[in-house]
Protein chains: 2
Amino acid sequence: MKRVLTSLSVALAAGLATWGAVHAADSEPIQPIRAPQNINLGMVELGKKLYFDPRLSKSGFISCNSCHNLSMGGTDNIPTSIGDHWQQGPINAPTVLNASLNLAQFWDGRAADLKEQAGGPIANPGEMAFTHTLALNVLSSIPGYTREFRQVFGKDKIDIEQVTLAIAEFEKTLVTPNSRFDLWLLGKKDALTPTELAGYELFKTSGCVACHNGEAVGGNSFQKMGLIEPYKARSKAEGRSAVTGKDSDRFNFKVPTLRNVELTYPYFHDGAANTLSEAVDVMGRLQLGRKFSPDENAKIVAFLKTLTGDQPTFTLPILPPSADSTPRPTPFAAH
Amino acid sequence: MKRVLTSLSVALAAGLATWGAVHAADSEPIQPIRAPQNINLGMVELGKKLYFDPRLSKSGFISCNSCHNLSMGGTDNIPTSIGDHWQQGPINAPTVLNASLNLAQFWDGRAADLKEQAGGPIANPGEMAFTHTLALNVLSSIPGYTREFRQVFGKDKIDIEQVTLAIAEFEKTLVTPNSRFDLWLLGKKDALTPTELAGYELFKTSGCVACHNGEAVGGNSFQKMGLIEPYKARSKAEGRSAVTGKDSDRFNFKVPTLRNVELTYPYFHDGAANTLSEAVDVMGRLQLGRKFSPDENAKIVAFLKTLTGDQPTFTLPILPPSADSTPRPTPFAAH
């Protein structure tokens, strides 16, 4: 895991992007991560606070960052998440890193974009267990927030549109450029070892790349989990059919990004695979009808670990304090 | 809430410290916060990671920062904390900010120092619900940690001493200098308004300062909660007697720091007071036998809000990923 430590390394990466882009990236099925465009920095700072604020939950204990933890690859690294009153979530929390590159949000794609997604967990009784109205009551009572919302949106009243827009704007900044693989794509030929390169070749020739491609190495299509052999899921989630109502969409899930996959264990929508080696083995058998040898498996895993990019680097936000009139969280009330 | 934004403001504060120290601070019962001394920066960086790492809990979900949240005044802002399996804690989580200035740790002072304290919640079945042995198994399996522990401590084996030392070292940096009150103490006479100054006068003349004094404005003695009138606590905790075994120590608790008290609501060891106004009223009646008028109460509250200092400013740590061999958290196993 590398981080942007100096402006020098940023400049270096920008330089590489210009220099190498025409050489390699265009002919490969995976593209390097680009810096986010047209970002509203005021909105990002506000969204960052909201992302870390557990007062958007009924308990006052769960924030976006609880399950999409930016210290841990934007996930919680447990099979399914813990919600209000320690409820067990139905599905693995997908990483928020590079989520802006997904064709839609949630495993079943039921939210069109990050803004629509952001409203979901707040009001989900099994997650943050709040309501949008109650969350807005809390935010509107906090002078530090009313000031900042007014500054960013130019309106007197906070609404849920503003809240989810700001969270989404922050999330758009959570991309992870400069992975070793991207440096290789951009022309730095010694960025990968021969083993990693052999893994990438296998990844392409064995068919993984058919679904895991593009800038996010996934995230751009829905595919059936268990194509050649059925998958015995621990989760009851049926995927895309819950959105489309079509029986043919049963067990179709959004293909997860493989960016930072070294950090986003455990794997699959039910979090059943603890290791990359296990995940590669299952994917090979169930999706491609191919049993990878231990050597092939190790090479693909080595390649996958080159997809870890610069993790988002920012100062932990300090949240504006509640006022006397702010409704207090009710962590132990019946639910 | 101000933050150290530039090195200029640090230099300014340092300048003030030199210039004003002999003028005012020495004759007052409250002293300005000083910068921490003799800090081992490598240990701080390691301790910061451990402080944010939920893998020190059985569930993989609860870190030190969950209940001593550095985005929220080093507390969780709920009456009593949420532990493993959503257990309700017996007592309000005290702020970690300036905790290094306390004469002992926990409300009943059962830990001599920060290092001793840090081991408590990890192994408390109602909090992080882990054991030191299991936590060490996790840390020792993570290459990023074994490397960093070796670098910092020069030993091959991670032990609980090192873990708690590193967390304590990070916590020593969590002081909050440059509150408006400290600037006033250091000679900047227009740092406080007349109302705030009147509040400070009342704070001294009515006797609050008898217990809330020194650098932390508290934290340096144990006192009986309910001295003049008994306190009807929501918590069953009996305080200092649990440590000394003496009946005369029943309901003696460590006097909490009033530094950043604007951020550390709700108040008292049972978290029963939601607002500063309520806390000042109860303290006046139960500890001093004095009913503050609304005007007096407002003045004291105005003074208390000048005790909010620079909040610790640092980059959110990125945690080293688990290895294939790392024991996985068990958030939903029976407990």
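The values are calculated or read from the model by the stated rules, or taken from the named source; none is laboratory data. A quick note: this is a predicted structure, and the numbers were derived from the prediction, not measured. Using ideal geometry, Cβ is built from the backbone for each residue, glycine included, and neighbour counts are taken over all protein chains shown.
A compact table of results
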| quantity | calculated |
| --- | --- |
| Segment B:119-152, residues that are closer than 16 Å to B:Ser81 by Cβ and either out of contact with any Leu (no Cβ under 7 Å at 6 or more places or on another chain) or not aromatic (Phe, Trp, Tyr) (or both) | B:Gly120, B:Pro121, B:Ile122, B:Ala123, B:Asn124, B:Pro125, B:Gly126, B:Glu127, B:Met128, B:Ala129 |
| Residue that is nearest to B:Ala237 (Cα to Cα), among those in segment B:69-120 that are free of Cβ contacts under 8 Å to residues at least 12 places away in the same chain and away from chain A (no Cβ under 13 Å) | B:Ala111 |
| Hits in segment A:49-65 - residues which are part of a helix (DSSP H, G or I), surrounded by fewer than 24 Cβ atoms within 10 Å (Cβ to Cβ) and either in contact with a Pro (Cβ under 7 Å, 6 or more places away or on another chain) or among the acidic types (Asp, Glu) (or both) | A:Lys49, A:Phe52 |
| Test: residue in segment B:129-143 that is out of contact with any Gly (no Cβ under 8 Å at 6 or more places or on another chain), under 30 Å from A:Tyr145 (Cα atoms) and crowded, with 23+ Cβ neighbours inside 10 Å | no |
| Residue under evaluation B:Asn297, criteria (1) surrounded by fewer than 18 Cβ atoms within 10 Å (Cβ to Cβ); (2) more than 23 Å from the chain's Cα centre (by Cα); (3) among the polar types (S, T, N, Q); (4) assigned by TED's automatic domain parsing to the domain that holds B:Glu196, criterion not met | (1) |
| Residue check for B:Phe153: modelled with pLDDT of 95 or more, at negative phi and surrounded by fewer than 21 Cβ atoms within 10 Å (Cβ to Cβ) | yes |
| Conditions (1) more than 25 Å from B:Ile39 (Cα to Cα); (2) assigned to a helix (DSSP H, G or I); number of the one not met by B:Gly187 | (2) |
| Test: residue in segment B:175-182 that is basic (Lys, Arg) and crowded, with 18+ Cβ neighbours inside 10 Å | yes |
| Lone unmet requirement of (1) of a type in the set (S, T, N, Q); (2) touching a helix residue (DSSP H, G or I) at 6+ places or on another chain (Cβ under 8 Å); (3) over 30 Å from A:Asp324 (Cβ atoms) for B:Thr133 | (2) |
| Failed condition for B:His85, given (1) closer than 29 Å to A:Arg328 by Cβ; (2) assigned to a helix (DSSP H, G or I); (3) out of contact with any helix residue (DSSP H, G or I) (no Cβ under 6 Å at 6 or more places or on another chain) | (3) |
| Filter result (touching a residue at least 60 places away in the same chain (Cβ under 8 Å) and either surrounded by fewer than 16 Cβ atoms within 10 Å (Cβ to Cβ) or at positive phi (or both)) within segment A:314-327 | A:Phe314, A:Ala323, A:Ser325, A:Pro327 |
| Qualifying residue in segment A:200-210 (condition: free of Cβ contacts under 8 Å to residues at least 12 places away in the same chain and part of a loop (DSSP other than H, G, I, E, B)) | no |
| Residue within segment A:194-215 that is more than 18 Å from A:Lys291 (Cα to Cα), outside the structural domain of A:Leu46 (by TED's automatic domain parsing) and among the basic types (Lys, Arg) present | no |
| Residue satisfying all of: in segment B:263-280; touching a residue at least 24 places away in the same chain (Cβ under 8 Å) and more than 14 Å from the chain's Cα centre (by Cα); surrounded by the most Cβ atoms within 10 Å (Cβ to Cβ) among these | B:Val280 |
| Unique match (being closer than 30 Å to A:Lys305 by Cα, aromatic (Phe, Trp, Tyr) and modelled with pLDDT of 95 or more) among B:Phe253, B:Phe332, B:Phe303 | B:Phe332 |
